[in-house]
Each structure stands twice: as structure tokens, then as C-alpha cells.
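First the structure, in the form of C-alpha cells, and then the observations on it.
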Amino acid sequence: MPETHWSEDQVIAELYGVGPGDDHLSHCPQCRSRVDRLMQERQKRIQGDLPVSYDFLAAQRRCVLARLDARAAWWQRPFLIPATALLALILVLSMLNPFRWSGEPQDTGNTSYSDSTVFEDAFARAYSTEPEFSEPLQALFEVKP
């Protein structure tokens, strides 16, 4: 029965010392040459023996300098971050403001309220389950004698 050659994954695993534990490399010169060739290439890369051309480094430097000199996009401008934060703060504060003006000032008419009457009225408004915008709708259904 003929033996099959190692796959690329098995060869790479052998390079890193976790390859198959069989003695295939001692019987197969083709797989042994693949592993040896890749091991030599790996050692060159680890030791840094591969030369890098001056043109490649110069082109890389030009690209970096061009990106540094490029004008920033409008959303990356420095003034935009504080302006956006200020706008968000104003929006949040306007939504959380409990003392919003709700239209026309209310005519109380009778100003001789006692403290208990004022508190009863305040608590009745605070703990009412009906929203304030439903009052005009209720006025449509009132029957006047």
C-alpha cells in the first residue's frame, strides 16, 4: 500500500514541532526536502537575513508622510468633538429639566389656599396616572347641562 505525502498543514505543524509523530520523514525524501526547505526559509526570516530594498523603504516612508500631510476628514476635526459634546449636553439637560414651561401661565383664581390644600393638589398632580395631554380630549366628552 503506497504512503501518501504530508499535507501542507502537516508540514507546517512539523516546522513548529507539533507535527505527526510518525517516521514518515525518514522514509519520504520528497516530504523531507519540503520540510528542510521551509525550515531554512523560516530561519532566514527569524534571523533577519532577508534584505529589504531601499526603494521599498522609501516608498513606505512616502506613504506614511502623505497620510500625515493629508487633510483630516470633516468628522475628524478637533472642534467637532467639543461642539458635539456640548450639543449632546444641552439636549440631555433640556430633556431632564423638570421645570419645563408648559404653555400659558395658569390662573389660580383663588389665592387663599391653605398649606394642606396646596399639598393635596400637588400630590394629586404628581401621582395622577392620566397624562396632562388627555385633559383636552376629556373636555370633548363632557356633557354640559
FRET efficiency estimate (nearest 0.05) - Cβ-Cβ, E41 to T4, R0 25 angstrom: 0.55
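Taking the highest mean first, how do the peptides 7-19, 56-68 order by number of other beta carbon atoms within 10 angstrom per residue?
7-19, 56-68
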Full-stretch length increase - D22, F119 - with 0.36 nm per residue and alpha-carbon distance subtracted: 25.9 nm
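Any read-out appearing in this document is the output of simple, stated calculations on the displayed coordinates, not a laboratory observation. What you see is a predicted model; the values in this text were computed from it and never measured. Reconstructed Cβ throughout: ideal geometry from the backbone, glycine too, with neighbour counts over all protein chains shown.
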